[in-house]
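Read through the structure below, which is laid out as structure tokens, and then see the notes.
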Number of protein chains: 2
Amino acid sequence: MSRPAPQDVRTVVCAGAGVIGGGWVAYFLARGYRVVAWDPAPDGEQRLRHLVAAAWPALTELGLAEGASIDNLSFEPDLAKACAQADFVQESAPEDLELKRTLLADIDAATPEGVVISSSTSGYGMSEMQDKCTHPDRTVVGHPFNPPYLIPLVEVVGGASTSPDAVQWTADFFTLAGKSVIRMEREVPGFVANRLQEALWREALHMVENGEATVEEIDLSITDGPGLRWAFMGPMLTFHLAGGQGGMAHMLDHFGPSLLSPWTRLEAPELTQELRDAVVDGCEREAAGRTIDDLVAERDRGVIAILRATGRA
Amino acid sequence: MSRPAPQDVRTVVCAGAGVIGGGWVAYFLARGYRVVAWDPAPDGEQRLRHLVAAAWPALTELGLAEGASIDNLSFEPDLAKACAQADFVQESAPEDLELKRTLLADIDAATPEGVVISSSTSGYGMSEMQDKCTHPDRTVVGHPFNPPYLIPLVEVVGGASTSPDAVQWTADFFTLAGKSVIRMEREVPGFVANRLQEALWREALHMVENGEATVEEIDLSITDGPGLRWAFMGPMLTFHLAGGQGGMAHMLDHFGPSLLSPWTRLEAPELTQELRDAVVDGCEREAAGRTIDDLVAERDRGVIAILRATGRA
């Protein structure tokens, strides 16, 4: 099998070069890869070069990898010719299941044996998309967040016919390429971050519909409230601190009953001993020896840094 | 009526000086107020002075108001003697309804006529808490986020017997004192930010319970994903950008059907024309003339600033 080791990838093929695909192109160029881009739109190359040029100052400011250059981008109007050069393929076509099923099969037919094909999809599981491929074992979801050239998160998950090796390879490759990788054990609609974001978004829509808050109030409540902590300390560790010295254990044992209060339209799961322990143990693992006092000090430094970075202090 | 103008407040009484009340004490001292604190715990004064001393370096770094000093704090073990000095009272007792009903009545009895009494409660509406007061018209919820000395958000809302004047006064006072104020028109359980936070938290608990994601993955998905944007651009304006040049209108018109997808356990409201327009108009108001390109540039600058501020770039 001709799959290169993750550290030996030189040429990344980006199939679909809209906002997400173009963001990937910019990112891979900045990390020093050679990128071959394909897009079926008549003005695809023009739009892509505009997007990359717009992102480049930010990427330069953040620091380019050795040898990184916009000159390492080539546009190839023939999908098969593009894929033939790939050490790795990132597909970012529109969210249309039939289109993706067909496109992935075309990519699969033209890409060297073993080379991993990753999809940016947010809406589908790979199980739904890979069934027309001759080699579905090397097709994986690698779901980024917009803009992919700045937001580190990539969620990696295989489909029913994906080999565990391909999933592992993809996670390793994205990690080497500088991304923050969540490797999911199984497909869940929306993956992780979008599920959390979607719950918040739906609650916000309910509030607007019921006249409970305006759009501006909803945004202010996040940017000037919990959003200041979430940029560096996630919602679980944030609540670990809300429990005082007793941490998440105290939080759940004392405020668990508030899960029954009508603070959102989303019904909470029953707080079983098992769920309680899973959350408490997870926070302890994540704290990794840091005391509550350590974490409070980190939180305060982080909030101050962010207030300053965003011009509010 | 002896209610001072918001800009004439000199002495703030903080009734209850635990983590939240103590955070308020530190904040008001840093803003140059004289603070009289009361707490019934035997070691209340000691714990409070410890908390204020711990917060003071951060507050100093952020910049103290003229005349601000820890020496402007006095501890008064007699609640009535404390309240008698108040130009404004902030109550931060434990979340126990009977305790708060009684305490607010005691504060009301001892506080000069007209002076506003604000409660830090997260769990109750003022309508439930104010009924034992002789002057419930001046009792208001002023709900902060932890830690109150750093997080700007305060949600202000009155109860059934609160006068609109008192609500307005409280919003004006907190704004003058440097807070970001959301003035709610009516009581909703959890107010605004906690409802959004709670929807996300419950979805996270479901994911842990179902083995869909670990605690660490949930936190990483936020800190390295949408959390990077939410520190300066709320969830609504974030989705305004997700719609490309068409903004929120394009987003809702094209991705509205995804509200029916099982991306969270929270059912979405029906996307009526009215709701669609309310959200689109809200985003336009909030954008205040900034084009999508302007907002994209702001987002990128913000994400880079936050990646740097938190040591990730």
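The values are calculated or read from the model by the stated rules, or taken from the named source; none is laboratory data. The shown structure was predicted, so the numbers you read here are calculated from the model rather than taken from an experiment. Cβ placement follows ideal geometry from the backbone for every residue including glycine, while neighbour counts extend to all protein chains displayed.
Structure summary
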quantity: The listed residue being surrounded by fewer than 19 Cβ atoms within 10 Å (Cβ to Cβ), hydrophobic (A, V, I, L, M, F, W, C) and on the phi < 0 side of the Ramachandran plot, out of A:Leu59, A:Leu99; calculated: A:Leu99
quantity: Leading residue by the ranking (farthest from the other protein chains (Cβ to nearest Cβ)) among those in the range A:256-296 that are without any contact (Cβ under 8 Å) to a residue 12 or more places away in the chain, part of a helix (DSSP H, G or I) and surrounded by 15 or more Cβ atoms within 10 Å (Cβ to Cβ); calculated: A:Ser258
quantity: Answer from A:Ala86, A:Ala26, A:Ala65 - the residue that is out of contact with any Ser or Thr (no Cβ under 8 Å at 6 or more places or on another chain) and part of a loop (DSSP other than H, G, I, E, B); calculated: A:Ala65
quantity: Members of the range B:297-307 that are more than 7 Å from every other protein chain (Cβ to nearest Cβ) and either at pLDDT below 90 or buried (at least 19 other Cβ atoms within 10 Å of the Cβ) (or both); calculated: B:Ala297, B:Arg299, B:Leu307
quantity: Tally of residues being in contact (Cβ under 8 Å) with a residue 60 or more places away in the chain, outside any loop (DSSP other than H, G, I, E, B) and touching an Asp or Glu at 6+ places or on another chain (Cβ under 9 Å) across the range A:91-128; calculated: 4
quantity: Any hit, the range B:216-223, residues being surrounded by fewer than 21 Cβ atoms within 10 Å (Cβ to Cβ), more than 24 Å from A:Glu270 (Cα to Cα) and not assigned by TED's automatic domain parsing to the domain that holds B:Met129; calculated: no
quantity: Helices (runs of 4 or more DSSP H) fully within the range B:129-242 counting 2 or more residues that are of a type in the set (Asp, Glu); calculated: B:164-176, B:193-209, B:215-223
quantity: The range B:150-187, residues that are in contact (Cβ under 8 Å) with a residue 24 or more places away in the chain, within 8 Å of chain A (Cβ to nearest Cβ) and touching a helix residue (DSSP H, G or I) at 6+ places or on another chain (Cβ under 9 Å); calculated: B:Leu150, B:Pro152, B:Leu153, B:Glu155, B:Ser180, B:Ile182, B:Met184
quantity: Candidates A:Thr170, A:Thr175 - the one that is closer than 23 Å to A:Val9 by Cα, buried (at least 24 other Cβ atoms within 10 Å of the Cβ), modelled with pLDDT of 95 or more and of a type in the set (S, T, N, Q); calculated: A:Thr170
quantity: A:His240 vs. criteria more than 8 Å from chain B (Cβ to nearest Cβ), in contact with a Cys (Cβ under 7 Å, 6 or more places away or on another chain) and not acidic (Asp, Glu); calculated: yes
quantity: Checklist (1) surrounded by fewer than 22 Cβ atoms within 10 Å (Cβ to Cβ); (2) within 7 Å of chain B (Cβ to nearest Cβ); (3) in contact (Cβ under 8 Å) with a residue 12 or more places away in the chain applied to A:Pro226, failing item; calculated: (1)
quantity: Test: residue in the range B:108-123 that is under 15 Å from B:Glu187 (Cα atoms), modelled with pLDDT under 95 and either in contact with a strand residue (DSSP E or B) (Cβ under 7 Å, 6 or more places away or on another chain) or of a type in the set (Lys, Arg) (or both); calculated: yes
quantity: Qualifying residue in the range B:141-148 (condition: away from every other protein chain (no Cβ under 12 Å) and more than 16 Å from the chain's Cα centre (by Cα)); calculated: no
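Okay, residues lined up against (1) acidic (Asp, Glu); (2) more than 20 Å from B:Phe239 (Cβ to Cβ); (3) in contact with a Phe, Trp or Tyr (Cβ under 6 Å, 6 or more places away or on another chain):
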site: A:Glu185; (1), (2), (3): yes, yes, no
site: A:Leu196; (1), (2), (3): no, no, no
site: A:Gly244; (1), (2), (3): no, yes, no
site: A:Ala249; (1), (2), (3): no, yes, no
site: A:Gly256; (1), (2), (3): no, yes, no
site: A:Glu267; (1), (2), (3): yes, yes, no
site: A:Glu286; (1), (2), (3): yes, yes, no
